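Scroll down for the structure; my scribbles are underneath it.
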Amino acid sequence: MGTKAGRWLRVSTTGQDEENQAPDIDAYCGQQGYEVTRTYKLHGKSATKGEQEAALAEAIEDIKAGVIDVIVAWDIDRFDRRGIGVAFASRLRVEDAGGRVEFVRAPSANDRSSGPAAWRASCPAASWSEPTAAAATCQRSSRPAARRVARRPHRSSARRRWRTRAAARTR
(Lines give C-alpha, C1' and ligand atoms only; values in the text may rest on other atoms or scores of the structure.)
Protein backbone atom coordinates (compact mmCIF):
# COMPACT_ATOMS: atom_id res chain seq x y z
CA MET A 1 0.00 0.00 0.00
CA GLY A 2 1.35 3.44 -0.97
CA THR A 3 1.64 6.66 0.93
CA LYS A 4 -1.73 8.22 1.73
CA ALA A 5 -1.92 11.95 1.05
CA GLY A 6 -4.26 14.71 2.11
CA ARG A 7 -4.67 17.59 -0.35
CA TRP A 8 -4.48 20.99 1.39
CA LEU A 9 -6.47 23.50 -0.70
CA ARG A 10 -6.72 26.99 0.84
CA VAL A 11 -7.76 30.39 -0.48
CA SER A 12 -8.23 33.46 1.66
CA THR A 13 -11.10 35.18 -0.13
CA THR A 14 -14.44 33.93 -1.32
CA GLY A 15 -13.73 35.30 -4.80
CA GLN A 16 -10.91 32.79 -5.30
CA ASP A 17 -11.27 29.13 -6.24
CA GLU A 18 -9.18 26.60 -4.34
CA GLU A 19 -9.79 24.03 -7.09
CA ASN A 20 -7.18 25.90 -9.19
CA GLN A 21 -4.53 24.34 -6.92
CA ALA A 22 -5.91 20.78 -7.22
CA PRO A 23 -4.44 19.81 -10.65
CA ASP A 24 -0.89 20.68 -9.57
CA ILE A 25 -1.30 18.83 -6.26
CA ASP A 26 -2.78 15.80 -8.02
CA ALA A 27 0.07 15.74 -10.55
CA TYR A 28 2.63 15.98 -7.74
CA CYS A 29 0.95 13.16 -5.82
CA GLY A 30 0.96 11.04 -8.99
CA GLN A 31 4.68 11.67 -9.53
CA GLN A 32 5.45 10.74 -5.92
CA GLY A 33 3.23 7.66 -6.00
CA TYR A 34 0.86 9.04 -3.35
CA GLU A 35 -2.78 8.02 -3.10
CA VAL A 36 -5.03 10.99 -2.30
CA THR A 37 -7.36 9.79 0.44
CA ARG A 38 -8.51 13.10 1.91
CA THR A 39 -9.02 16.70 0.81
CA TYR A 40 -8.96 19.67 3.18
CA LYS A 41 -10.77 22.58 1.52
CA LEU A 42 -10.35 25.89 3.28
CA HIS A 43 -12.46 28.36 1.33
CA GLY A 44 -12.21 31.97 2.49
CA LYS A 45 -9.85 31.11 5.37
CA SER A 46 -7.07 33.58 6.08
CA ALA A 47 -3.76 31.94 6.98
CA THR A 48 -2.50 35.32 8.18
CA LYS A 49 -5.15 35.27 10.91
CA GLY A 50 -4.67 31.56 11.67
CA GLU A 51 -8.14 30.55 10.45
CA GLN A 52 -6.68 27.30 9.10
CA GLU A 53 -5.85 25.95 12.57
CA ALA A 54 -9.07 23.90 12.90
CA ALA A 55 -8.38 22.13 9.60
CA LEU A 56 -4.76 21.56 10.62
CA ALA A 57 -5.91 19.99 13.89
CA GLU A 58 -8.26 17.76 11.87
CA ALA A 59 -5.40 16.75 9.55
CA ILE A 60 -3.17 15.95 12.54
CA GLU A 61 -5.93 13.74 13.98
CA ASP A 62 -6.19 12.01 10.58
CA ILE A 63 -2.44 11.40 10.63
CA LYS A 64 -2.67 9.86 14.10
CA ALA A 65 -5.59 7.69 12.95
CA GLY A 66 -3.69 6.51 9.85
CA VAL A 67 -6.06 8.13 7.35
CA ILE A 68 -3.18 10.13 5.78
CA ASP A 69 0.62 10.09 5.96
CA VAL A 70 1.43 13.39 4.26
CA ILE A 71 -0.24 16.78 3.76
CA VAL A 72 0.42 18.14 0.27
CA ALA A 73 -0.07 21.87 -0.19
CA TRP A 74 0.41 23.93 -3.33
CA ASP A 75 2.88 26.35 -1.70
CA ILE A 76 4.12 27.38 1.74
CA ASP A 77 1.88 30.45 1.84
CA ARG A 78 -1.16 28.23 1.24
CA PHE A 79 -0.22 26.33 4.42
CA ASP A 80 0.52 29.26 6.78
CA ARG A 81 1.26 32.99 6.43
CA ARG A 82 1.93 34.06 10.00
CA GLY A 83 5.68 34.07 9.68
CA ILE A 84 8.29 31.47 8.94
CA GLY A 85 8.62 30.50 12.61
CA VAL A 86 4.91 29.75 12.99
CA ALA A 87 4.79 27.85 9.69
CA PHE A 88 7.77 25.76 10.72
CA ALA A 89 6.20 25.09 14.14
CA SER A 90 3.05 23.86 12.36
CA ARG A 91 5.21 21.55 10.28
CA LEU A 92 6.80 20.19 13.46
CA ARG A 93 3.33 19.55 14.95
CA VAL A 94 2.52 17.44 11.90
CA GLU A 95 5.82 15.58 12.17
CA ASP A 96 5.30 14.96 15.89
CA ALA A 97 2.01 13.26 14.97
CA GLY A 98 3.90 10.97 12.58
CA GLY A 99 3.23 12.72 9.27
CA ARG A 100 4.92 15.25 7.08
CA VAL A 101 4.09 18.32 4.98
CA GLU A 102 5.17 18.71 1.35
CA PHE A 103 4.79 21.58 -1.10
CA VAL A 104 4.37 21.40 -4.86
CA ARG A 105 5.94 24.79 -5.62
CA ALA A 106 8.66 24.74 -2.94
CA PRO A 107 10.47 21.41 -3.31
CA SER A 108 13.49 22.59 -1.29
CA ALA A 109 11.19 22.92 1.75
CA ASN A 110 10.20 19.24 1.46
CA ASP A 111 13.54 18.09 2.84
CA ARG A 112 12.69 16.93 6.36
CA SER A 113 16.10 18.02 7.64
CA SER A 114 15.58 21.58 6.42
CA GLY A 115 14.90 24.29 8.93
CA PRO A 116 13.26 27.71 8.74
CA ALA A 117 16.14 29.09 6.66
CA ALA A 118 15.32 26.68 3.81
CA TRP A 119 11.67 27.67 4.04
CA ARG A 120 12.59 31.34 3.85
CA ALA A 121 14.70 30.63 0.75
CA SER A 122 11.79 28.68 -0.78
CA CYS A 123 9.57 31.74 -0.69
CA PRO A 124 11.85 34.49 -2.08
CA ALA A 125 8.95 36.68 -3.18
CA ALA A 126 7.75 36.96 0.38
CA SER A 127 9.35 39.02 3.06
CA TRP A 128 8.85 36.71 6.04
CA SER A 129 8.82 38.39 9.40
CA GLU A 130 9.53 36.45 12.55
CA PRO A 131 6.46 35.93 14.73
CA THR A 132 5.84 38.46 17.44
CA ALA A 133 3.43 38.46 20.35
CA ALA A 134 1.27 41.11 18.68
CA ALA A 135 0.93 39.56 15.24
CA ALA A 136 3.06 37.40 13.00
CA THR A 137 2.57 38.13 9.33
CA CYS A 138 3.98 37.19 5.99
CA GLN A 139 4.33 40.60 4.42
CA ARG A 140 4.35 40.98 0.69
CA SER A 141 5.19 44.29 -0.88
CA SER A 142 2.79 45.51 -3.52
CA ARG A 143 5.46 47.81 -4.92
CA PRO A 144 7.80 46.62 -7.69
CA ALA A 145 11.19 45.37 -6.51
CA ALA A 146 12.96 48.42 -7.92
CA ARG A 147 10.90 50.70 -5.68
CA ARG A 148 11.34 48.67 -2.47
CA VAL A 149 13.85 51.12 -1.09
CA ALA A 150 13.40 53.51 1.77
CA ARG A 151 12.12 56.86 0.68
CA ARG A 152 14.53 59.74 0.84
CA PRO A 153 13.69 62.51 3.26
CA HIS A 154 11.82 65.42 1.79
CA ARG A 155 14.07 68.18 0.40
CA SER A 156 12.83 70.75 2.86
CA SER A 157 13.86 68.61 5.83
CA ALA A 158 17.31 68.05 4.24
CA ARG A 159 17.70 71.82 3.74
CA ARG A 160 16.66 72.42 7.31
CA ARG A 161 19.35 70.03 8.58
CA TRP A 162 21.95 71.64 6.32
CA ARG A 163 21.06 75.15 7.55
CA THR A 164 21.19 74.01 11.17
CA ARG A 165 24.65 72.47 10.68
CA ALA A 166 25.90 75.51 8.74
CA ALA A 167 24.68 77.81 11.49
CA ALA A 168 26.44 75.69 14.11
CA ARG A 169 29.73 75.86 12.19
CA THR A 170 29.68 79.65 11.93
CA ARG A 171 29.20 80.14 15.68
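The values are calculated or read from the model by the stated rules, or taken from the named source; none is laboratory data. Remember, predicted model here, so these are calculated numbers, not experimental data. For neighbour counting, all protein chains shown are included, and Cβ atoms are generated from backbone atoms with ideal geometry for every residue, glycine included.
Restricting segment 57-84 to residues that are outside any helix (DSSP H, G or I) and within 11 Å of the chain's Cα centre (by Cα), which is surrounded by the fewest Cβ atoms within 10 Å (Cβ to Cβ)? Show your work before the answer.
Residues of segment 57-84 that are outside any helix (DSSP H, G or I), as a first pass: 66-75, 80-83.
Next, from what is left, pick out any that are within 11 Å of the chain's Cα centre (by Cα): 73-75, 80-83.
On the way: ALA73: 25, TRP74: 23, ASP75: 17, ASP80: 26, ARG81: 26, ARG82: 23, GLY83: 21.
Across segment 57-84, the extreme among qualifying residues is ASP75.
Only residues that are buried (at least 18 other Cβ atoms within 10 Å of the Cβ) and within 21 Å of the chain's Cα centre (by Cα): list them for segment 27-47, please. Lay out the reasoning, then the answer.
Taking segment 27-47 first, the residues buried (at least 18 other Cβ atoms within 10 Å of the Cβ) are 28-29, 34, 40, 42, 45, 47.
Listed by number, the residues that qualify are TYR28, CYS29, TYR40, LEU42, LYS45, ALA47.
Starting from segment 32-51, keep only residues that are at pLDDT 85 or above, then list their pairs with residues that are of a type in the set (Gly, Ala, Ser) and not in a strand (DSSP E or B) whose Cβ atoms are within a distance under 6 Å, requiring at least 6 positions of separation or different chains.
Cβ pairs passing all conditions: GLY33/GLY2; GLU35/GLY2; TYR40/ALA55; TYR40/ALA59.
Which of the residues spanning segment 91-100 are of a type outside the set (Lys, Arg), surrounded by fewer than 21 Cβ atoms within 10 Å (Cβ to Cβ) and touching a residue at least 12 places away in the same chain (Cβ under 8 Å)? Show your work before the answer.
We begin by selecting, within segment 91-100, every residue of a type outside the set (Lys, Arg); these are 92, 94-99.
Subsequent filtering for residues that are surrounded by fewer than 21 Cβ atoms within 10 Å (Cβ to Cβ) retains 92, 94-98.
Once the filter is applied, which keeps residues that are of a type outside the set (Lys, Arg), surrounded by fewer than 21 Cβ atoms within 10 Å (Cβ to Cβ) and touching a residue at least 12 places away in the same chain (Cβ under 8 Å), segment 91-100 yields VAL94, GLU95, ALA97, GLY98.
Got a sec? Which of ALA54, ALA87 is surrounded by fewer than 15 Cβ atoms within 10 Å (Cβ to Cβ), in a helix (DSSP H, G or I) and of a type in the set (A, V, I, L, M)? Spell out the reasoning first.
Details: ALA87 fails: surrounded by fewer than 15 Cβ atoms within 10 Å (Cβ to Cβ).
Just one listed residue meets the conditions, ALA54.
Looking at segment 13-62 only, could you name the residues that are farther than 21 Å from ARG82 by Cα and touching a His at 6+ places or on another chain (Cβ under 9 Å)? Reasoning before the result, please.
Taking segment 13-62 first, the residues farther than 21 Å from ARG82 by Cα are 15, 17, 19-20, 22-39, 61-62.
Once the filter is applied, which keeps residues that are farther than 21 Å from ARG82 by Cα and touching a His at 6+ places or on another chain (Cβ under 9 Å), segment 13-62 yields only ASP17.
Does PRO153 fit the bill of being over 24 Å from GLN32 (Cα atoms) and modelled with pLDDT under 85?
Details: over 24 Å from GLN32 (Cα atoms): yes; modelled with pLDDT under 85: yes.
Yes: the conditions hold for PRO153.
Looking only at segment 7-26, which residues are surrounded by fewer than 16 Cβ atoms within 10 Å (Cβ to Cβ), part of a helix (DSSP H, G or I) and of a type in the set (D, E, K, R)? Steps first, answer last, please.
Let us first name the residues in segment 7-26 that are surrounded by fewer than 16 Cβ atoms within 10 Å (Cβ to Cβ), namely 13-17, 19-20, 23-24.
Next cut, part of a helix (DSSP H, G or I) only: 19-20, 23-24.
If the condition is that a residue be surrounded by fewer than 16 Cβ atoms within 10 Å (Cβ to Cβ), part of a helix (DSSP H, G or I) and of a type in the set (D, E, K, R), then GLU19, ASP24 are the ones that fit.
Determine, yes or no, whether ARG93 is of a type in the set (Lys, Arg), at pLDDT 85 or above and in a helix (DSSP H, G or I).
Numbers: of a type in the set (Lys, Arg): yes; at pLDDT 85 or above: yes; in a helix (DSSP H, G or I): yes.
Judged against the criteria, ARG93 is a match.
Looking at (1) over 19 Å from ARG93 (Cβ atoms); (2) of a type outside the set (Val, Ile, Thr); (3) in contact with a Phe, Trp or Tyr (Cβ under 6 Å, 6 or more places away or on another chain), which is the one condition that is false for TYR40?
TYR40 satisfies every listed condition except (1).
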